[in-house]
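These notes concern the structure reproduced below.
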C-alpha cells in the first residue's frame, strides 16, 4: 500500500511539473493552483518607423515617453515614478508610454517577467532597431543615446531629458506642460 501511494505521488508530480496540486476537500473536488505567473503577454515590437508615432501624437493629451531597459539600474529605479505619474495625472489627460530598449533575446526571459512582476500599467512598447545612429537624433538631435531618457510633449510644447528622475522632479517637469 505504501508503494502504491508513493507511485501515485511520483506520477502526479512528474506529469504536472508546472502546477502545484493542492488537494483540498471542497465538495469532493481537487483545486489546482498554478505556481507560475501567466507569461502570456504580447509585446508590441517596432523598428523606429513604428515607434515614431508615439513621439508625435497630435491630440489633446500630454505624453510622457520614457526610454528604458530592464538592464539599466537607473531606469528600473525610476519606473515607479512614471507609473505613479500616469495614475495621478490620468484625469488630466496625461499618458505615459514606456519604450523598452531591451535586447530581443531577453524579451521572453527578462522583459515579459519584469512587466508582470512590476505590474506595469503604462503602455510598454519595444524598440527593436539596430540602426541607432539614424534614429537617436530623430528622437532628439542632442541625445547621446544614453538611458534613461524621457520626452514630454503635447501640441504646444516639447522637451527632451537625458537624465534620471525622482517623482518630484518628474511631476515638476510635467506641470510645465499642464499650465
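No value in this document is a laboratory result; all are computed from the given coordinates. Keep in mind that what you see is a predicted model, and the values were worked out from it rather than measured. With ideal geometry, Cβ positions are generated from the backbone for all residues, glycine too; neighbour counts draw on all protein chains shown.
The table below gives the values:
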{"item": "Extension gain (nm, one decimal) between residue 106 and residue 142, 0.36 nm per residue minus Cα-Cα", "result": "10.1 nm"}
{"item": "Label-point gap, in nm, between residue 175 and residue 61 - each point 7 angstrom along Cα→Cβ", "result": "2.4"}
{"item": "Percent antiparallel among DSSP beta bridges (both partners in region 44-178, rounded to 5)", "result": "40"}
{"item": "Dimensionless Rg/Rh of region 62-162 - Kirkwood Rh, Rg from C-alpha atoms", "result": "0.96"}
{"item": "Space enclosed by the convex hull of the alpha-carbon atoms of region 105-179, per residue, Å³", "result": "129"}
{"item": "Gained length - residue 88 relative to residue 166, 0.36 nm times residue gap less alpha-carbon distance", "result": "26.6 nm"}
